[in-house]
Amino acid sequence: MPNVKPPARRVTTYKIVQGIIGVVLAGYLIWRLFVVFIANPSYGPDTWARFAIAGLILGSVYALVAIGYTLVYGILRMINFAHGDIMMIGAFGGYFVFEALKSIPTPTLADPELTFLNAHPVLSVIAAFIVGVSIAALSGYFLEKIAYRPLRGAPRLVPLISAIGASIFLENAAQLLFGAQRRDYANPIVLTRGEGWGIPIGGSNVILTYTGVLTVVISTLIMIALYLLVMRTRLGRSMRAVSENKQVAALMGIDVDGVISRTFIISGALAGAAGVMWGIHLGLVYHFVGFIPGIKAFTAAVLGGIGNIPGAMIGGLFLGLVESLGPAGLGINFQLKDVIAFGILVLVLIFRPTGIIGEVLTEEKV
Amino acid sequence: MAMLEVKDIHTYYGNIHALKGISLTVEQGEIVTLIGSNGAGKTTTLRSICGLQKPRTGSIQLNGEDLNSYKAHQIVSKGVAMVPEGRGIFARLTVAENLDLGAYTRNDRTAIQEDLERVFTIFPRLKERQRQVAGTLSGGEQQMLATGRALMTRPRLLLMDEPSMGLAPVLVEAIFDVIKAINKEGTTILLVEQNALMALSIAHRGYVIQTGQIVLQDTAANLKNNETVQKAYLGIE
């Protein structure tokens, strides 16, 4: 590690502006929190619980997508802006599986109208995940081959522009293939959106939806699996080696291009799973469905320190929660939730470009 | 047949003509050193051999097999390992993980375990620090790790780029002792060094390289006594 002395602390205009922004924001936060919680309490615990649950579900999807950004950044030092659109492709994969299974009649004596989708809901969901994940993984693989590999060694801005181009291409290709209408995700009846377990909180019934629980459980399992893959396996070790030093990795006999391809396959698979869950939980799929979650997940990855896998997980959950609890907590319009999310991106870039837990990790290393 | 035979290679960085026809041979069991000043092309020669910077023309043969058609990561399994300049350890990985990566291309578990024991015998310090993150090692320990990691590939030919760089004199001597020991055990070594005196004292033969060309080649003993070498590289007037 290079032993760089920190430059002497100088008060620059930038620092002053930073300070002013910080004080103003902190003041605003304290004032709003005071109004909402003490002066004029507007929500009961049941409402807060609903917000928190929604935030957790959203956050676990963001986390999955954010890991994809972070993995690719760790290895290629580039932001794969087409990542959100890979998620969209995964969502479409799951959608078409449900549509296909819905049209297979499997009549029984009790219910002559029964379709495969409702006769075998577990199998159907598994099939949707398998197809959504594979198709997204494949797209990730080809995305890298076509849009990024020819630019290896080009200045860093070039693949970034190519990424934005790939994103626009994928969105338009999807619109051309599937049309621009918003389609309804046809869940099996047991996974009907909005239904779930009721938990009595503060005198009312807070619903823990089946789709939400499915989303959180599956994301958690995937994240644990990914962490084990990166930390414990041969492939994971070679990925970490390539992310540190490609040339020396090659000297160890690691096929660097192969590792890069695999990284895109893994990050595509994660986005695909996130896309299917997005469809199952929120119920809508269209060519643009990956755009906003993609940028939110990018925010989450920056929040946790880009390149840092646990950081992306924590950043995703944090962003989901803040976005969900924020408008209520500040007592502002709920349509401003995106402003909160992207406001956080701006603030992180101003105050802590290395991410919230990025710096802690560097200290641990020493 | 020589173990390594480099014939008239020309290597470029973009438009910069870095190697202008380098030819050298390394025989089985030798330590051969490549000395020269900064920017002469020593490192580039090693990078050409291990495939990181492919020469545009010329041939590189290992035991008669042409290396030019292989990519860097394939050359490793041909038995060529490199300890890169500046050590190139993976700072965020543990010592044990770094050593494991050295054996990345190998599947023979028992032999890998044997080699690991051997590395720990040569560098007991690494055994103590197995679980430690490699970035926290001292410079000398990092050099040990880089060398140990290269040995884990079980190389027939070991390329070493400036192993003494940035090390305290005591450590330099220790590292050179290790190089001699590794060579005694049968590994052929091509050593690039700024510290020409040390390099010539353990090498069998040497090449002097200047602006991308070999200007002199001889046994190490003769080079040590050569007037131009003494003036230019040994600091003896």
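Can you give the mean number of other chain Cβ atoms that lie within 10 Å of the Cβ atoms in peptide B:147-157?
Neighbouring Cβ atoms belonging to other protein chains average 1 per residue here.
Per residue of B:71-83, count partner chain C-beta atoms within 10 Å of its C-beta, then hand back the mean as an integer.
Rounded to a whole number, the mean comes out at 4.
Hey, in the GNM for chain A with a 10 angstrom Cα cutoff, which one of A:172, A:80, A:187 fluctuates hardest?
Ranking A:172, A:80, A:187 by mean-square fluctuation puts A:172 first.
Ratio to report: Rg/Rh of the range B:76-137, with Cα atoms as the point set and Rh obtained by the Kirkwood method; give two decimals.
0.96
Sort B:73, A:83 by Cβ crowding within 10 Å, fewest neighbours at the top.
Ranked by crowding around the Cβ, least crowded first: B:73, A:83.
For the protein assembly as shown, what Kirkwood radius comes out of the mean inverse Cα-Cα distance, in Å?
With all distinct Cα pairs of the protein assembly as shown included, I get 27.7 Å.
Quick check on the exposure proxy: order B:87, B:149, A:182, B:109 from fewest to most C-beta atoms within 10 angstrom.
Ranked by crowding around the Cβ, least crowded first: B:109, A:182, B:87, B:149.
Which whole-number percent gives the relative contact order of chain A, counting Cα pairs below 8 Å spaced six or more residues apart?
32
Angle check, please: helix B:109-122 long axis (alpha carbons) against the longest principal axis of chain B (alpha carbons), in degrees 0 to 90, nearest 10.
70
Percent antiparallel among DSSP beta bridges with both residues in the protein assembly as shown, to the nearest 5?
65
In percent, how large is the relative contact order of the range B:6-83, given Cα pairs closer than 8 Å and 6 or more residues apart?
Reported relative contact order: 31 percent.
Just tell me how shielded A:224-231 is by partners: mean number of partner chain Cβ atoms within 10 Å of each residue's Cβ, no decimals.
Shielding by partners across A:224-231 averages 0.
Enter the Cα centre distance for the pair the range A:311-340 and the range B:131-198, rounded to the nearest angstrom.
Between the Cα centres of the range A:311-340 and the range B:131-198 lies a distance of 53 Å.
Please list the equivalent ellipsoid semi-axes of the range B:1-96, computed as the square roots of five times the alpha-carbon gyration tensor eigenvalues, in descending order and whole angstrom.
Semi-axes from the Cα gyration tensor: 21, 18, 14 Å.
Taking all pairs of distinct Cα atoms, average 1/r, flip it, and tell me the Kirkwood hydrodynamic radius of the range A:17-120 in Å to one decimal place.
In the range A:17-120 this quantity evaluates to 19.2 Å.
In Å, the Kirkwood hydrodynamic radius of the range B:96-237 over pairs of distinct alpha carbons?
16.4
Once both labels are modelled 7 Å past Cα along the beta-carbon direction, what's the residue A:23-residue A:178 spacing in nm?
So the two model labels end up 5.1 nm from each other.
Mind ordering A:66-77, B:91-102 by average Cβ neighbours within 10 Å, highest first?
Result, highest mean Cβ count within 10 Å first: A:66-77, B:91-102.
Projected area of chain B, taken from the Cα convex hull and averaged over every viewing direction, in nm²?
If I average the Cα hull's projected area over directions, I get 12.6 nm².
Arrange the following residues from fewest to most other Cβ atoms within 10 Å of their Cβ: A:278, A:48.
Fewest-to-most ranking of A:278, A:48: A:48, A:278.
Report the Cα centroid-to-centroid distance between the range A:257-276 and the range B:3-41 in angstrom, as an integer.
Computed from Cα coordinates, the inter-centre distance equals 41 Å.
Can you tell me which aspartates and glutamates have their Cα less than 20 Å from the Cα of residue A:145? Leave out same-chain residues fewer than eight positions away.
Reachable aspartates and glutamates: A:85, A:171, A:255, A:257.
What whole-number distance in Å separates the alpha-carbon centres of the range A:177-226 and the range B:207-237?
75
Roughly how large, in nm² to one decimal, is the mean projection of the convex hull of the alpha-carbon atoms in the range A:169-315?
Mean shadow area of the hull around the Cα atoms is 11.8 nm².
With the cut-off at 22 Å, report for the range A:150-233 the share of all Cα pairs above it, as a whole percent.
65
If the only charges are +1 at each Lys and Arg Cβ and -1 at each Asp and Glu Cβ, what is the size of the charge dipole of the range A:64-312 around the Cα centre, to the nearest 20 debye?
With only Lys, Arg, Asp and Glu charged at Cβ, the dipole is about 860 debye.
At a 10 angstrom cut-off on C-beta neighbours, averaged per residue, how do the peptides B:156-163, A:118-125 rank from highest to lowest?
My ranking of the peptides, most packed first, is B:156-163, A:118-125.
Starting at 0 and stepping by 10 Å, how many percent of the alpha carbon pairs of the range A:64-312 end up in each bin?
8, 29, 31, 20, 9, 3, 0
Between A:139, A:243, A:204, which gets the highest mean-square fluctuation from a Gaussian network model of chain A, Cα cutoff 10 Å?
Per the Cα network of chain A with a 10 Å cutoff, A:204 tops the list.
Every read-out reported here was derived from the displayed coordinates using simple, explicitly stated rules and does not represent laboratory data. From a predicted model like this one, the values you see are computed outputs, not experimental measurements. Glycine also receives a Cβ, built like all others from the backbone with ideal geometry; neighbour counts cover every protein chain displayed.
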